[in-house]
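**Student:** The following block contains the structure, expressed as structure tokens.
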Amino acid sequence: MLKIKEFNKIIVANWKLNGSNDFLEAYFDKLVLKDIDSDICGIICPPITYFQKCHSKLHSLYLGAQDCSKFKDGAYTGEISASMLKENNCEFCIVGHSERRHEFNENNEDIKIKAGLLLDAKIIPIICIGETLEQKKINKTQEILKEQVINSLPQKSSKENVIIAYEPIWAIGTGMTPSLQEINNIHEYLKKDIEEVEGYKFLYGGSVNSENASEIMNLENVDGVLVGGASLKADQFSEILKA
Ligand code: PGA
């Protein structure tokens, strides 16, 4: 398992359901990896079918998955287990992304099970949490985040082996982000006021792009970013990796 505490910033590209053989060729031709500081952990999470192709082109970046099965093995048609991911060079895996929570009805318990299986397979889970706009409007953000964090963490989790990504749902793919002050305050709350995750690494996600990545990542309490749309553009993602 990688030693995440040795990285200064962690930058994750979440490709979601995007990519093709042609896309991959063009992407890695354009991606500039030479100016990345050695204490930056860059992770690309493509659809699993592109794992092998990506792995041969990643250089200093790491490979991550976007989800894994909550089952270890057995009669579960269509599923891919944590140990299968590990055998295919996967070092990180996003779990509990809001799209999975909403489109596929995943709950905190599912996420906790998945994260536990990932740890067993020596893969670092990136557990996503976030509030809706309605919850934000009625000042429930802190309460919702605390509940999601505490109930999604597997027993074996520690600040050495789990990363948490705060992604306000209303900021994902919308071009809207909380203010820098808000992002920093929420991260401070998560890191310092929730005893169970004191000292964990926390990423921000939701409409991160090459223009705002640097100021978000340089906030005192932010340990990196989780990037969706902008990570599909090699020139933008190259900029973000240098930010
Ligand atoms: P976005 O997506 O950067 O396109 O807002 C982030 C995410 O869903 O992880």
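The values are calculated or read from the model by the stated rules, or taken from the named source; none is laboratory data. These numbers were taken from a predicted model, which means no experiment stands behind them. No Cβ is skipped: glycine too gets one built from the backbone with ideal geometry, and neighbour counts run over all protein chains shown.
**Student:** Counting just the residues of the stretch 191-243 that are of a type in the set (D, E, K, R) and under 18 Å from Gly19 (Cβ atoms), which one comes out nearest to the ligand (Cβ to nearest atom)?
**Tutor:** In this case the residue turns out to be Lys233.
**Student:** Quick check on the stretch 130-144: of everything there that is within 16 Å of Ile172 (Cα to Cα) and in contact (Cβ under 8 Å) with a residue 40 or more places away in the chain, which residue is surrounded by the most Cβ atoms within 10 Å (Cβ to Cβ)?
**Tutor:** Checked the stretch 130-144; the qualifying residue surrounded by the most Cβ atoms within 10 Å (Cβ to Cβ) is Gly130.
**Student:** In the list Ser98, Ser179, Ser157, which residue meets the criterion of being over 18 Å from Phe71 (Cβ atoms), within 12 Å of the ligand (Cβ to nearest atom) and hydroxyl-bearing (Ser, Thr, Tyr)?
**Tutor:** Criteria check complete, one pass: Ser98.
**Student:** Which ones in the stretch 178-193 are surrounded by fewer than 19 Cβ atoms within 10 Å (Cβ to Cβ) and modelled with pLDDT of 95 or more?
**Tutor:** Residues satisfying the conditions are Ser179, Leu180, Gln181, Glu182, Asn184, Asn185, Glu188, Tyr189.
**Student:** Is there any pair with a first residue in the stretch 1-28 that is basic (Lys, Arg) and a second that is within 16 Å of the ligand (Cβ to nearest atom) and in a helix (DSSP H, G or I) whose Cβ atoms are under 9 Å apart and which are 6 or more apart or on different chains, and what are they?
**Tutor:** Lys9/Met217; Lys16/Glu99; Lys16/Gly229; Lys16/Leu232
**Student:** Further question on the same structure: Of everything in the stretch 147-162, what is crowded, with 17+ Cβ neighbours inside 10 Å and within 17 Å of Asp110 (Cα to Cα)? Give them in sequence order.
**Tutor:** Result: Gln148, Val149, Ser152, Leu153, Pro154, Ser157, Val162.
**Student:** Continuing with the same structure: Hey, can you tell me all the residues within the stretch 168-214 that are free of Cβ contacts under 8 Å to residues at least 40 places away in the same chain and on the phi > 0 side of the Ramachandran plot?
**Tutor:** Of everything in the stretch 168-214, those that are free of Cβ contacts under 8 Å to residues at least 40 places away in the same chain and on the phi > 0 side of the Ramachandran plot turn out to be Gly175, Ser207.
**Student:** For Thr49, all conditions in the list (1) in contact with a strand residue (DSSP E or B) (Cβ under 6 Å, 6 or more places away or on another chain); (2) away from the ligand (no atom under 15 Å from the Cβ); (3) of a type in the set (Val, Ile, Thr) hold save one; what is the number of the exception?
**Tutor:** Status for Thr49: all satisfied but (1).
**Student:** Turning to a different aspect of this structure: Quick check: is even one residue across the stretch 36-52 within 16 Å of the chain's Cα centre (by Cα) and charged (D, E, K, R)?
**Tutor:** no
**Student:** A further question on this structure: Could you tell me whether the stretch 75-82 includes any residue that is free of Cβ contacts under 8 Å to residues at least 12 places away in the same chain, part of a loop (DSSP other than H, G, I, E, B) and aliphatic (A, V, I, L, M)?
**Tutor:** Yes.
**Student:** Taking the condition of being of a type in the set (A, V, I, L, M, F, W, C), in a loop (DSSP other than H, G, I, E, B), out of contact with any Gly (no Cβ under 7 Å at 6 or more places or on another chain) and farther than 25 Å from Ile80 by Cα, how many residues in the stretch 115-174 meet it?
**Tutor:** 1
**Student:** So for the stretch 24-41 (the condition being within 18 Å of Ile126 (Cβ to Cβ) and buried (at least 16 other Cβ atoms within 10 Å of the Cβ)), does at least one residue qualify?
**Tutor:** Yes, some residue in the stretch 24-41 is within 18 Å of Ile126 (Cβ to Cβ) and buried (at least 16 other Cβ atoms within 10 Å of the Cβ).
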